[in-house]
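Data block below; observations after.
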Amino acid sequence: MTAPSVTIARAAGRLSRRLGRGGGTSLPGKVLLKLRPQALSELGRELPRGVTVISATNGKTTTARLVASCAREAGWDLVANTSGANLLSGVATALLDAQGRRPAPEAGLFEVDEAALVEVARQLRPRVLLLMNLFRDQLDRYGELEHLAALWTRMVAELPASATPVLNADDPAISALGAGRRGVLTFGIDDTSVALDALPHAADSTRCRLCAHPLTYDLVSLGHLGHWRCEGCGAARVSPDVRATRVTLHGATGIAVRIETPQGPVEAELPLPGLHNAYNATAATAAAIAMGIAPDAIARGLAASPAAFGRGERVTLDGRRLVLLLAKNPTGANETVRTVLLDPEPPHLLIALNDRTADGHDISWIWDVDYEPLLARAASLTLTGDRAHDLALRMRYAGHPAERMTVIPDPEAALDHAVATAPAGGTLYVLPTYTAMLGLRETLVRRGVAEAFWRER
């Protein structure tokens, strides 16, 4: 596409960066779409291998990185929104940036916000659509997850027959999206060693999408994900096409997986901790298989992909290792707690809570997070963010003494305190919500220990 609208949009991005207003990851796309509303579909049609789109409540940024790494190991040239700008404007900016690039990209790979997905899919008409999970998140913006599930059901039904939906068999709400459709590829975790003792009290999709009968679980892995069945109508988890048959959790440092696929097994060790990243790796493998990437390239890609910014990212500050673990909703935060508890040492903790637009203004979800096992082992606890005192109240109700926590609403001062509290050579776990994570990373970038996320493109 060559048009005045492209020139104007690119100039807006350069100006944004020059003025220090960010990396220009969204503004050029906003300008382009204002001047040329169908630019997304026009730019997407120029990609000979088509477009893969990824969406989920949790894990889409990490999974998109994993798929991108697999594609590059296979020799593909991609255009992707690796900066995490996942609204229409961010996708448009990524496509705009690729204009005129040599060699020209063959394929598009985009993580997309749950609420923006329907319009992005309508315009881009993806060849592969990976849908990973739906959890309760930002209720003031998204509403209950049943609303998104209904929107996604219509979206999947309207996909062309040539498209491949890749669906999580372990999530009842996601699995139901493929009912009656041919050409669906499913994924899930079959390793029973990772099972939880019971369904968490904060689990979300606990009723059948088809008949609303309470679901029965033979295995619970994460939140409401697992091996489920409905005794009301007979619906049940299908045996996944792509399945993790072995998951080994290497403490808080990484995982090893064996994933069976229709094209052969994939084995890899990833520097990404926690069971949630085993799901991300399995989802990425399924998407890559649907894209036509061979298992050996997938294995290399999984192993080569570093953590996305703020999602298992590790940096060193003042002689301490900082592990940033985004925690933005009940299921994600509970899995983060579970991951930190894999560390045999008593953890030093910095927990940050904001309630800005990108976080969701409703913070009542912190009462559904099982902080108690973490607090029982904590060596130190620092609380920060716009709603630091709400966090302190939650911790007091969890039975944590006031004298064993420090509340510092200013994030940079809280970071300095938490780092100083951790021993030299030790580890500080940082559990922030989304905007709190971005703010803390700005501090780390300014101090020269991290790179601005938008430069990672």
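The values are calculated or read from the model by the stated rules, or taken from the named source; none is laboratory data. On a predicted model such as this, the values are computed, not experimentally measured, just so you know. Cβ placement follows ideal geometry from the backbone for every residue including glycine, while neighbour counts extend to all protein chains displayed.
Looking at Val449, Val430, which is the one that is within 24 Å of Asp318 (Cβ to Cβ), surrounded by fewer than 16 Cβ atoms within 10 Å (Cβ to Cβ) and within 25 Å of the chain's Cα centre (by Cα)?
Val449
Residue by residue, here is whether (1) at pLDDT below 95; (2) under 29 Å from Glu442 (Cβ atoms); (3) not in a helix (DSSP H, G or I) holds:
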{"position": "Arg21", "(1), (2), (3)": "yes, yes, yes"}
{"position": "Pro37", "(1), (2), (3)": "yes, no, yes"}
{"position": "Ala64", "(1), (2), (3)": "no, yes, no"}
{"position": "Arg72", "(1), (2), (3)": "no, yes, no"}
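Of the numbered conditions (1) in contact with a Pro (Cβ under 9 Å, 6 or more places away or on another chain); (2) closer than 26 Å to Trp367 by Cα, Gly332 satisfies every one except a single condition; which is it?
(1)
Tyr371 - would you say it is surrounded by 14 or more Cβ atoms within 10 Å (Cβ to Cβ), touching a helix residue (DSSP H, G or I) at 6+ places or on another chain (Cβ under 7 Å), aromatic (Phe, Trp, Tyr) and over 16 Å from Leu440 (Cβ atoms)?
Yes, satisfied.
Looking at Leu129, Leu196, can you tell me which residue is closer than 23 Å to Ile259 by Cβ, assigned to a loop (DSSP other than H, G, I, E, B) and aliphatic (A, V, I, L, M)? Can you show your working first?
Working: Leu129 fails: assigned to a loop (DSSP other than H, G, I, E, B).
Unique residue meeting the criteria: Leu196.
Which residue is farthest from His276 (Cα to Cα), if the candidates are limited to the range 195-214 and must be without any contact (Cβ under 8 Å) to a residue 40 or more places away in the chain and of a type in the set (D, E, K, R)?
Arg207
Give the residue, chosen from Thr382, Thr435, that is assigned by TED's automatic domain parsing to the domain that holds Glu345, touching a strand residue (DSSP E or B) at 6+ places or on another chain (Cβ under 8 Å), polar (S, T, N, Q) and not in a loop (DSSP other than H, G, I, E, B).
One residue alone meets the criteria, Thr382.
Of Ile351, Ile293, which residue is surrounded by 21 or more Cβ atoms within 10 Å (Cβ to Cβ) and either assigned by TED's automatic domain parsing to the domain that holds Val407 or farther than 30 Å from Thr52 by Cβ (or both)?
Ile351
Give His250, His276 a once-over and let me know the one that is at pLDDT below 95, in contact with a strand residue (DSSP E or B) (Cβ under 8 Å, 6 or more places away or on another chain) and not aliphatic (A, V, I, L, M).
Criteria check complete, one pass: His250.
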